[in-house]
Each structure stands twice: as C-alpha cells, then as structure tokens.
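Contents: one structure, followed by commentary.
The values are calculated or read from the model by the stated rules, or taken from the named source; none is laboratory data. None of the values given here were measured: they were computed from a predicted structure. In this analysis, Cβ positions are derived from the backbone assuming ideal geometry, glycine residues included, and neighbour counts consider all displayed protein chains. The protein model used for the area step is the full one, side chains on, heavy atoms only, and it has no ligands, DNA or RNA in it. Shrake-Rupley method; radii C 1.70, N 1.55, O 1.52, S 1.80 Å.
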Amino acid sequence: MHDIIDWPEGQGPTQYQCRIAGEYDSGQSRVAIRGPHGLGKTCYAAQMTHHFAQTHEGDDWKVATTASVGNQLKQYLWPEIHKWAYRINWAKTGRAPYIDDKELLMMELKLRGGRAYAINPAKPVLIEGAHADNVFYCFDESKAINDKIFEGAEGAFSGAGSDTTMIAIALMMSTPGAPIGHFYDVCTGKIKGWKAIHITKEEVIAAGRMSQEWAEYMAETYGINSPIYQKRVLGNFAASEEGAVIPLSWIEEAHRRWYEWEAQGKPGRVKQIGADIAEEGEDDTIFAKRYDNNAMDELVTLPKQKIMRTAAMLGALLKRHGCEGIIDANGLGSGVYGRLAEQDYQVHAFIAQEGTDLTDLSGEWGFVDTRSAAWWNMREMLNPENNFNVKLPPNERLTGELSAPTWEPKSGGRIKVESKKDIKKRIGRSTDAADAVTMAFFKKGTFEMFIL
C-alpha cells in the first residue's frame, strides 16, 4: 500500500488502513471492519484485491467479491478496483500493466493462474465455487448479506491453515445496521475466528475522511442518540428509537431494492404523485412520484414560489405521466388543489387532521386522524414481513424524516402519529419530503390502505 501505489502528493493510506493490513501480515485470516460513512471501506477492498492478485499471480488463486446488492458491486466496488489499477506503479511489480478488456474486464480480473470476480448476492450458491489453493473473500456492505453466502464461503477455509500450504482470507466491511444478523454476530464476538475492528469517528476525522462540520450537523439534525447518528457517524449498531413509526433498518432495506430497480432502468409507470406544499418563505414544496411497482423516484424539490406556479408545475407532471395526485390541502396547499381540480386533473385533497374510519392491517387499531393513518400505511408497506417491496431513493433527507416521527396509543384503540409541528419543534426542521412520500403511497379519495 505504501510502495506499490502511486499516491497523489500529500496522500497515502490512513493509519487505520495500515492497522487493518497489519492484521493480515500477522497471520489473521478473517477481519471484520465496521465504522462510519466515509472511512474508505470500498477503497481498501479494491487495494486488497490487487494485492492478493499480484502476490499470488502464477499460483492457483481466486478473489470472490460480493455485497448486499448487485448494484454495490457494479456501481462502487468494481469501478474502485479499476481506478486503483491505474494507480499501481507497475515498474515495482515486475509485470506489465493489466490489459484492458482482456485481463481487466468490467467486473472481472483474469490473470495467470487465477481471477477476481463478482458474485451475484441473489445467488448465494455461487460462493461455493471459489475453489483454489489461495482464496480471498471480500464482503462489501456486509450488514445485509444473506447468511447463506457466509456459510458457503466457509468451505474454502476447511483446507487452509498453518498445517497446510493453502491460504484463505476474508474481509468483511460495513456501516452497521440493526443489532441482528451475521455481521453483527461477528462484530460482537458471537461468531469466533474473526478479528473485529471498529473504526471510530475520531479516527476518520483525523484521516481527513470525515468533516467535523458534517458530524456536528448530523448531531444537531438527528440527535446523538438517533439511529442515524449512531450508525452513520459513530459506526455503532443501533436499534430504532423507542416509539418510532418506521425503523431505520426497514428504510435501508428499501434503499437496497431501489438500487436494484435503478440498475434495471427504473421499469414501470408513475401511478401517483404526492405533493407537500410549503408555505411561502418556509420549508420546501416536494413532489414524490410513486410507480406502479411501489418504487419511488427521486424527489422533486421546488424553490419558494407563487402558488399558481406550483400548481402549473404539478399539473404538468400529472399530465406527462397520466397519473393522479394527492395534495396536502392544508394552508396554501388548498389553493394548488383547488386550481388543479377546476382544471379537471385527477387530484385528491389530503387533510391531515380529518378523522378516519381506517384500521391497520390487523383490523385491531384505528387512527385519531388521516395523517396517522397515512404514516401507519407507510410503516406497514415498509415492513419486510408484508412483502410490498417498496423501493425508496437513498436520499439522506428523506431517510432522516421517515425515521423521525414517533407514535403513541390513544383511548379507544387508536394510533396517534406525532404531528408535523411537534416533529419540527423536536428536530428543528419539517418533514416535507417524508410527508410527500407517505401521501404518494396513500390510496386516492377514500384513503384506503394501498394494498396491491
């Protein structure tokens, strides 16, 4: 890492990257890394891939890379492997540079005696095919990888050890998720044989990979006890806050499905647009486009502007997609709704404080108002057990807002979701983006639960 890579002036491997590499030098075969966003996990995985390939070329070797979703491999890990291939000082390696399109392919490295390649995480049985005298398993974004992939990889370790000539090593990396699963069990010592390393916020800031300003912003925005701050800034495992309407882990699952949908070219058609209309001079106006396959496109955020202009822009979207709109008709939003209704657009007014006879999926709980019903509908659609396969864009703002509201039971078996006003008072900003999304996933007119 120090000598073979041509680093830009003033740059080099971080102290913690060297510490991780030292674990392998000292004979450790399995290393698990958890830490905050920005620490350079994928960068390190790419460098390790080249190191293993170069130090075993001519031998019988394989590098098997996988991740929680295929998009992580296609969009992040393998482009990073390509990037670092062009930063190798080949004169020091004793061989010529990789030959593009022959040795270095889009998601494969084919050299004498072995190859590095990507394994589709949806097909865990493929991990068992990594048979070679020297094997390196690279697990990127490990917190959501199928347990069967880890089980299949263990086969390579059966013949490796100090009493044989075979080598098998593994690198497991991720920002933490909920305190469950294989990655959690490894990092907490429940699964033996791994060296678990926690890279701290302070180490990442010292390495120049995280801004102190960003860390402070995240603390002020979400609170230091929030799951988002704990996971993304501190690199800790964290369950959802007690009383949260939507657990962060469910939202992150929806992000993974969204990446797969994006990789497929975003199939489907826009079926409904949720519109949260901002008061002039406050907050933001957000349009959320929901597809007929429960996918949410990137949000449309509008600057402060006149109501008639907002109505015209929303009307243009509705016309383009031939879909319906659910409009927050409280306050200035009533003007947008009224204008589009009189122009015969298919729009429906969302009145947050209105009463409702809806119940949850179990039929046991009612709601104190329509806002609570809409948010609970979003919760039930994101619940993995209900298999709605909602796909949400990995938008930091949306993630924070969706995970922010709390709920409480009220008399008569009714659910009350925290009001928008109370949330803003607690976290210092409005949930405009999340409200637009919850409306986009709420049934038109009668506001029935949107069950497909």
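If only one of Gly223, Gly189, Gly208 is on the phi > 0 side of the Ramachandran plot and either in contact (Cβ under 8 Å) with a residue 60 or more places away in the chain or of a type in the set (D, E, K, R) (or both), which one is it? Being on the phi > 0 side of the Ramachandran plot and either in contact (Cβ under 8 Å) with a residue 60 or more places away in the chain or of a type in the set (D, E, K, R) (or both) holds for just one of Gly223, Gly189, Gly208, which is Gly223. Among the residues of the range 333-365, which ones are in a loop (DSSP other than H, G, I, E, B) and in contact (Cβ under 8 Å) with a residue 24 or more places away in the chain? Those that are in a loop (DSSP other than H, G, I, E, B) and in contact (Cβ under 8 Å) with a residue 24 or more places away in the chain: Gln343, Tyr345, Gln346, Ala352, Thr356, Leu358, Asp360, Leu361, Glu364, Trp365. For the residues Asn387, Asn395, the requirement of being open to solvent by 30 Å² or more (accessible area, probe 1.4 Å), modelled with pLDDT under 95 and within 19 Å of Val300 (Cβ to Cβ) singles out Asn395. For Tyr76, the criteria (1) under 19 Å from Glu141 (Cα atoms); (2) assigned to a helix (DSSP H, G or I); (3) open to solvent by less than 70 Å² (accessible area, probe 1.4 Å) hold in every case but one, which is (3). Residue count for the range 422-434, restricted to those that are closer than 27 Å to Leu361 by Cα and of a type in the set (D, E, K, R): 2.
Can you name the residue in the range 245-298 that is touching a strand residue (DSSP E or B) at 6+ places or on another chain (Cβ under 8 Å) and of a type in the set (Ser, Thr, Tyr) and is also modelled with the lowest pLDDT among such residues? The extreme case among them is Thr285. The set of residues in the range 183-202 being of a type in the set (A, V, I, L, M, F, W, C) and assigned to a loop (DSSP other than H, G, I, E, B) consists of Ile191, Trp194, Ile199.
When the residues of the range 87-96 are narrowed to those that are surrounded by 12 or more Cβ atoms within 10 Å (Cβ to Cβ) and not charged (D, E, K, R), which ends up nearest to Met1 (Cα to Cα)? This residue is Ile88. Is it true that some residue in the range 162-182 is out of contact with any Asp or Glu (no Cβ under 7 Å at 6 or more places or on another chain), open to solvent by less than 20 Å² (accessible area, probe 1.4 Å), hydrophobic (A, V, I, L, M, F, W, C) and assigned to a helix (DSSP H, G or I)? No, because not a single residue in the range 162-182 is out of contact with any Asp or Glu (no Cβ under 7 Å at 6 or more places or on another chain), open to solvent by less than 20 Å² (accessible area, probe 1.4 Å), hydrophobic (A, V, I, L, M, F, W, C) and assigned to a helix (DSSP H, G or I).
Residue-wise test of (1) at pLDDT 95 or above; (2) open to solvent by 70 Å² or more (accessible area, probe 1.4 Å); (3) at negative phi.
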{"site": "Gln11", "(1), (2), (3)": "no, yes, yes"}
{"site": "Thr14", "(1), (2), (3)": "no, no, yes"}
{"site": "Cys43", "(1), (2), (3)": "no, no, yes"}
{"site": "Gln54", "(1), (2), (3)": "no, no, yes"}
{"site": "Tyr98", "(1), (2), (3)": "yes, no, yes"}
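Scanning the range 86-105 for residues that are part of a loop (DSSP other than H, G, I, E, B), within 22 Å of Gly12 (Cβ to Cβ) and of a type outside the set (Phe, Trp, Tyr) turns up Arg87, Asn89, Thr93, Pro97.
Within the range 75-105, the residues that satisfy the criterion of being among the hydrophobic types (A, V, I, L, M, F, W, C) and touching a Phe, Trp or Tyr at 6+ places or on another chain (Cβ under 7 Å) are Ala85, Ala96, Leu104.
For Lys195, state whether it is without any contact (Cβ under 8 Å) to a residue 24 or more places away in the chain, within 29 Å of Ser26 (Cβ to Cβ) and open to solvent by 60 Å² or more (accessible area, probe 1.4 Å). Considered against the rule, which asks whether it is without any contact (Cβ under 8 Å) to a residue 24 or more places away in the chain, within 29 Å of Ser26 (Cβ to Cβ) and open to solvent by 60 Å² or more (accessible area, probe 1.4 Å), Lys195 comes out as no.
May I ask you to say which residue of Pro8, Pro36 is part of a loop (DSSP other than H, G, I, E, B) and over 25 Å from the mean Cα position of the chain (by Cα)?
Being part of a loop (DSSP other than H, G, I, E, B) and over 25 Å from the mean Cα position of the chain (by Cα) holds for just one of Pro8, Pro36, which is Pro8.
The condition (being open to solvent by 10 Å² or more (accessible area, probe 1.4 Å), under 26 Å from Lys192 (Cα atoms), more than 27 Å from the chain's Cα centre (by Cα) and among the charged types (D, E, K, R)) is satisfied by just one residue among Asp25, Asp60: Asp25. Filter the range 107-150 for residues that are modelled with pLDDT under 95 and over 23 Å from Val31 (Cα atoms); which is surrounded by the most Cβ atoms within 10 Å (Cβ to Cβ)? Going through the qualifying residues, I end up with Leu111.
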